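Encoded as structure tokens, the structure appears first; notes follow it.
The values are calculated or read from the model by the stated rules, or taken from the named source; none is laboratory data. Computed from a predicted model, the values in this text were never measured in an experiment. Neighbour counts are summed over all protein chains in view; Cβ atoms, including those assigned to glycine, are modelled from backbone coordinates with ideal geometry. Quick note on the areas: whole protein, heavy atoms, side chains included, nothing else; ligands and nucleic acids left out. Shrake-Rupley method; radii C 1.70, N 1.55, O 1.52, S 1.80 Å.
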Amino acid sequence: TDRVWRDYFRGTAAHNTVCVDGQDQSVKGGNFMWVRHARAACRVWESHDGSDRFVGAHDGYKRLHDPVLHERELVFDKKTKRLQIIDTLQCAADHVAERCWHFAEDVDVTVAAGGGIDAHVGAARLQLQPEGAAVQSKVYRGETTPPWGWVSRHFDLKVPTTTVVWTTPVKGTTRLRATLRCMINC
């Protein structure tokens, strides 16, 4: 019921997506209202024997002084169990992109040099690796000022969890790539 926490949990940074310049994709208008909703669209959905591909986009950052269009492409290779995540930001001026990666509360997460993430729980293990553009990685767990690294599975209940944020400066049309690989028992 606290506004700070409500805003956090419904904000863009509390989801596995991209924040541009610290802004939410949609504009909040009150406790349960939105002044402006980002309009999202599926541009491509293909499913084949060896792979699946999805491309979606939204216009939530078109309201910025220098408008930004965010497009996310997901390509899943069924044989290798690799998921390619390609975020394309179309803009003209300088911006800061934050890719937020949230993990369940029982997952152990470590970050290697270069920002690569190793996540495991029990015998299951995943690796998430940035490709191309340099990233600055920051790990949050149960931060309160401001809130970062939390999950809420029920109303008025919050539990600390690990969130890794990759920050990258962008200018012009920029593609931010990452590969998610299942290593063991996925």
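In debye, nearest 20: dipole of the chain around its Cα centre with unit charges on the Cβ of K, R (+) and D, E (-)?
Its charge dipole is roughly 240 debye.
If I take R0 = 30 Å and measure r between the Cβ atoms of residue 158 and residue 92 in this structure, what FRET efficiency does the formula 1/(1 + (r/R0)^6) give, to the nearest 0.05?
0.20
May I ask for the distance between the Cα centers of segment 2-71 and segment 92-123, given as a whole number of Å?
Distance between centres, Cα-based: 18 Å.
Provide, for q = 0.09, 0.21, 0.22 Å⁻¹, the log10 of I(q)/I(0) from a solvent-free Debye sum over equal Cα point scatterers in segment 1-139.
-0.34, -1.41, -1.43
Calculate for the chain the 222 nm mean residue ellipticity that helices alone would give, adding -39,500 (n - 2.57) per DSSP H run of length 4 or more and normalising by residue count, nearest 500 deg cm²/dmol.
For the chain, the value works out to -1000 deg cm²/dmol.
Taking the alpha-carbon distance from residue 28 and a cut-off under 28 Å, which lysines remain once sequence neighbours fewer than 8 residues away in the same chain are dropped?
62, 138, 158, 171
Would you list 118, 108 from the most to the least accessible area, probe 1.4 Å?
So, going from the largest accessible area down, we get 108, 118.
Give the percent of DSSP beta bridges with both residues in the chain that are antiparallel, rounded to the nearest 5.
100 percent
GNM, the chain, Cα, under 10 Å: largest mean-square fluctuation among 44, 35, 55?
Looking only at 44, 35, 55, the biggest GNM fluctuation is shown by 35.
If the cut-off is a Cα-Cα distance under 20 Å, which aspartates and glutamates reach residue 78, setting aside same-chain residues fewer than 8 apart in sequence?
Straight-distance partners of residue 78: 46, 49, 52.
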